[in-house]
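Engineer: Take a look at this one; I'll ask things after.
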Amino acid sequence: MLPRPLKTHIKENVMDIIFLKGLNIETVIGIFDWERNIRQTVLIDLEMGTDIRQAAATDDIAHTLDYSAVSQRVITFVEDSDFFLVETLAERITGILMDEFSVPWVRLTLNKKGAISGASDVGIQIERGSKTGAG
């Protein structure tokens, strides 16, 4: 039995998610004087909405979100950044993904491990864009 051909002409809203989990990046982040003088590790998880149908039909990376390029851009930006708040860093990262990579929807989790004594994790999760924008 032959495989069923892929239908790429269907006009429907599609949201496929490409994810990157566990990006460990050193940066300057924090509001306290001592935090301004050290680099701390932030752990970033990304979920990015896209439509992968054309990439799947053509088997061509030019038609999908290049997660290697995304990760390199995020790593470089975060390493070079110097923010007081994780909220600011999270907003700037999602802006880069939406503006530079044309991602219509992003969920970002930013974990600043060790920021609160007694807590294993502390951070922020934000979601930006529209899940119906990829189709």
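Engineer: (1) over 30 Å from GLY114 (Cα atoms); (2) out of contact with any helix residue (DSSP H, G or I) (no Cβ under 8 Å at 6 or more places or on another chain); (3) polar (S, T, N, Q): which one isn't true of GLN54, the others all being true?
Structural biologist: Checking GLN54 against (1) over 30 Å from GLY114 (Cα atoms); (2) out of contact with any helix residue (DSSP H, G or I) (no Cβ under 8 Å at 6 or more places or on another chain); (3) polar (S, T, N, Q), the one that fails is (2).
Engineer: Okay, moving on. Among the residues of region 108-118, is there at least one that is in contact with a helix residue (DSSP H, G or I) (Cβ under 8 Å, 6 or more places away or on another chain) and among the β-branched types (Val, Ile, Thr)? Can you show your working first?
Structural biologist: Going residue by residue through region 108-118, those that are in contact with a helix residue (DSSP H, G or I) (Cβ under 8 Å, 6 or more places away or on another chain) are 108, 110, 112.
Narrowing the set further to residues that are among the β-branched types (Val, Ile, Thr) leaves none.
No, region 108-118 contains no residue that is in contact with a helix residue (DSSP H, G or I) (Cβ under 8 Å, 6 or more places away or on another chain) and among the β-branched types (Val, Ile, Thr).
Engineer: For region 49-74, give me each residue that is of a type in the set (Val, Ile, Thr) and touching a residue at least 40 places away in the same chain (Cβ under 8 Å).
Structural biologist: Those that are of a type in the set (Val, Ile, Thr) and touching a residue at least 40 places away in the same chain (Cβ under 8 Å): THR50, THR64, VAL70, VAL74.
Engineer: Can you go through VAL42, VAL103 and tell me which one is touching a Gly at 6+ places or on another chain (Cβ under 9 Å), outside any helix (DSSP H, G or I), within 25 Å of VAL28 (Cα to Cα) and touching a residue at least 12 places away in the same chain (Cβ under 8 Å)? Before you say what the answer is, go through the steps one by one.
Structural biologist: Details: VAL103 fails: within 25 Å of VAL28 (Cα to Cα).
Answer to the check: VAL42.
Engineer: Return the pairs, sorted by first residue and then second, in which the second residue is of a type in the set (S, T, N, Q) and surrounded by 12 or more Cβ atoms within 10 Å (Cβ to Cβ), the first residue lies in region 111-126 and is touching a residue at least 12 places away in the same chain (Cβ under 8 Å), the beta carbons are less than 6 Å apart, and the residues are 6+ apart or on different chains.
Structural biologist: What qualifies is GLY123/ASN111; GLN125/THR109.
Engineer: Of the numbered conditions (1) within 13 Å of the chain's Cα centre (by Cα); (2) surrounded by 17 or more Cβ atoms within 10 Å (Cβ to Cβ); (3) modelled with pLDDT of 95 or more; (4) among the hydroxyl-bearing types (Ser, Thr, Tyr), SER71 fails exactly one; give the number of that condition.
Structural biologist: Tallying (1) within 13 Å of the chain's Cα centre (by Cα); (2) surrounded by 17 or more Cβ atoms within 10 Å (Cβ to Cβ); (3) modelled with pLDDT of 95 or more; (4) among the hydroxyl-bearing types (Ser, Thr, Tyr), SER71 fails exactly one: (2).
Engineer: Sticking with this one: From the set of residues in region 45-68 that are surrounded by 15 or more Cβ atoms within 10 Å (Cβ to Cβ) and of a type in the set (Val, Ile, Thr), which is nearest to ARG128 (Cα to Cα)?
Structural biologist: THR50
Engineer: Could you grab me the full set of residues in region 104-135 that are crowded, with 16+ Cβ neighbours inside 10 Å, within 13 Å of MET48 (Cβ to Cβ) and of a type in the set (Lys, Arg)?
Structural biologist: Residues satisfying the conditions are ARG107, ARG128.
Engineer: Would you be able to tell me the number of residues in region 15-33 that are on the phi > 0 side of the Ramachandran plot and surrounded by 11 or more Cβ atoms within 10 Å (Cβ to Cβ)? Show your work before the answer.
Structural biologist: Just the residues of region 15-33 that are on the phi > 0 side of the Ramachandran plot, to begin with: 22, 30.
Still in the list and also surrounded by 11 or more Cβ atoms within 10 Å (Cβ to Cβ): 30.
Result for region 15-33: 1.
Engineer: Return only the number of the condition from (1) closer than 12 Å to ILE25 by Cβ; (2) part of a loop (DSSP other than H, G, I, E, B); (3) small (Gly, Ala, Ser) that SER71 does not satisfy.
Structural biologist: (2)
Engineer: Further question: Of the conditions (1) surrounded by fewer than 12 Cβ atoms within 10 Å (Cβ to Cβ); (2) without any contact (Cβ under 8 Å) to a residue 12 or more places away in the chain; (3) more than 20 Å from ASP66 (Cβ to Cβ); (4) not basic (Lys, Arg), ASP82 fails just one. Which one is it?
Structural biologist: Of (1) surrounded by fewer than 12 Cβ atoms within 10 Å (Cβ to Cβ); (2) without any contact (Cβ under 8 Å) to a residue 12 or more places away in the chain; (3) more than 20 Å from ASP66 (Cβ to Cβ); (4) not basic (Lys, Arg), only one is false for ASP82: (2).
The values are calculated or read from the model by the stated rules, or taken from the named source; none is laboratory data. Fair warning: this is a prediction, and the values are worked out from it, not measured in the lab. Every residue, glycine among them, receives a Cβ derived from its backbone with ideal geometry; neighbour counts consider all protein chains shown.
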